[in-house]
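Laboratory data are not the source of any read-out in this text; all were calculated from the coordinates shown. The shown structure was predicted, so the numbers you read here are calculated from the model rather than taken from an experiment. Positions of Cβ are generated from backbone atoms using ideal geometry, with glycine treated the same way; all protein chains shown enter the neighbour counts.
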């Protein structure tokens, strides 16, 4: 995990796109962009959430034990960065 917040958010965006095997939407992902739900440009689903949470555990050693917590953490890249920063080893 990078100590630079902006670099860390960029790292997370790349990790998310790799985990779900999708290209960045036009203009790229913004830090506060919604990742899930009808207004989300990536159109991610529950399988994508599982893939992202598995990649987070592999890369950062942070487990997301239940789907409610995962859903809260994955609201946006900025929210995920805060979630991980609070739980990093």
- Message: Contact list please: Cβ distance under 6 Å, first residue in the range 64-83 and over 24 Å from residue 28 (Cβ atoms), second residue crowded, with 16+ Cβ neighbours inside 10 Å, pairs at least six apart or on different chains.
- Response: 64/53; 64/70
- Evaluation of residue 42 against (1) crowded, with 17+ Cβ neighbours inside 10 Å; (2) without any contact (Cβ under 8 Å) to a residue 40 or more places away in the chain; (3) not in a loop (DSSP other than H, G, I, E, B) (one fails), failing number: (3)
- Is there a residue in the range 14-32 that is within 13 Å of the chain's Cα centre (by Cα), touching a residue at least 24 places away in the same chain (Cβ under 8 Å) and under 15 Å from residue 88 (Cβ atoms)? yes
- Query: Of the conditions (1) surrounded by 14 or more Cβ atoms within 10 Å (Cβ to Cβ); (2) outside any helix (DSSP H, G or I), residue 55 fails just one. Which one is it?
  - Reply: (2)
